[in-house]
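The structure appears below as structure tokens.
The values are calculated or read from the model by the stated rules, or taken from the named source; none is laboratory data. Note that the structure is a prediction, hence the values are computed from the model and not measured. For neighbour counting, all protein chains shown are included, and Cβ atoms are generated from backbone atoms with ideal geometry for every residue, glycine included. With ligands, DNA and RNA removed, areas are computed over all heavy atoms of the protein, side chains included. Shrake-Rupley method; radii C 1.70, N 1.55, O 1.52, S 1.80 Å.
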Amino acid sequence: MPGIREQRTVPYSAAQMFDLVADVARYREFLPWVVATRVRSNSDSEMVADMVVGFKNLRESFTSRVLKRRPDEIEVIYVDGPLRDLDNVWRFADLPDGGCRIDFDVQFSFRNRVFEALAGQYFDRAFRKMVEAFEARAHALYGNNSSSAHSVA
């Protein structure tokens with residue numbers, strides 16, 4: 001199954017980044033291609049959410065189960081949608097000198113292997129753009145560094 005791994009260091013705490021990623025209801029405000037979200041259920045440890053992504057006239061819906069282990073990890077498990085599989089894990093680790101390291105890992109597979117081979121390169125770019133959107137959102141919410149930042153959730 002194809003996958004994408006990304007690692008970033010940001011000047012925000014693990015708890016701040018965890019809260020930002022866990023705030024699925026607001027994804028539409030800052031993530032490219034996210035048309036709508038609906039949180040079906042939500043607790044401190046688990047969420048079930050639907051997300052509609054779109055580009056031009058194409059719209060697809062996904063349902064995911066989100067396991068939350070604050071502030072260290074968010075695991076997203078694909079429940080239903082147009083792909084065969086789409087799972088990802090966010091890991092957050094505070095750094096000794098401030099800020100945190102984010103490790104993002106996504107695995108995906110299409111129902112059609114030929115389409116998977118053709119579309120894989122575009123998924124890579126799309127997911128990297130989405131990670132950049134999370135960084136930009138953190139900057140907008142928390143400022144330039146963690147000393148002036150506060151958590152949103």
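Can ARG28 be described as open to solvent by 50 Å² or more (accessible area, probe 1.4 Å) and out of contact with any Phe, Trp or Tyr (no Cβ under 6 Å at 6 or more places or on another chain)?
Answer is yes for this residue.
So, of the residues in the stretch 62-87 that are open to solvent by 20 Å² or more (accessible area, probe 1.4 Å) and β-branched (Val, Ile, Thr), which turns out to be farthest from the chain's Cα centre (by Cα)?
Among those that are open to solvent by 20 Å² or more (accessible area, probe 1.4 Å) and β-branched (Val, Ile, Thr), it is VAL79.
Of these, PHE123, PHE110, PHE127, PHE134, which one is touching a Pro at 6+ places or on another chain (Cβ under 8 Å), among the hydrophobic types (A, V, I, L, M, F, W, C) and at pLDDT 60 or above?
PHE123
Hey, could you check the stretch 88-103 for residues that are crowded, with 16+ Cβ neighbours inside 10 Å and of a type in the set (D, E, K, R) and say which is farthest from the chain's Cα centre (by Cα)?
ASP94
Find the strands (runs of 3 or more DSSP E) located wholly in the stretch 27-97 whose residues include 2 or more that are among the β-branched types (Val, Ile, Thr) and either at pLDDT below 90 or farther than 23 Å from ARG128 by Cβ (or both), and list them. Spell out how you get there, then give the answer.
On the way: elements: 34-42, 46-55, 58-69, 73-80, 85-94.
Ranges flagged: 46-55.
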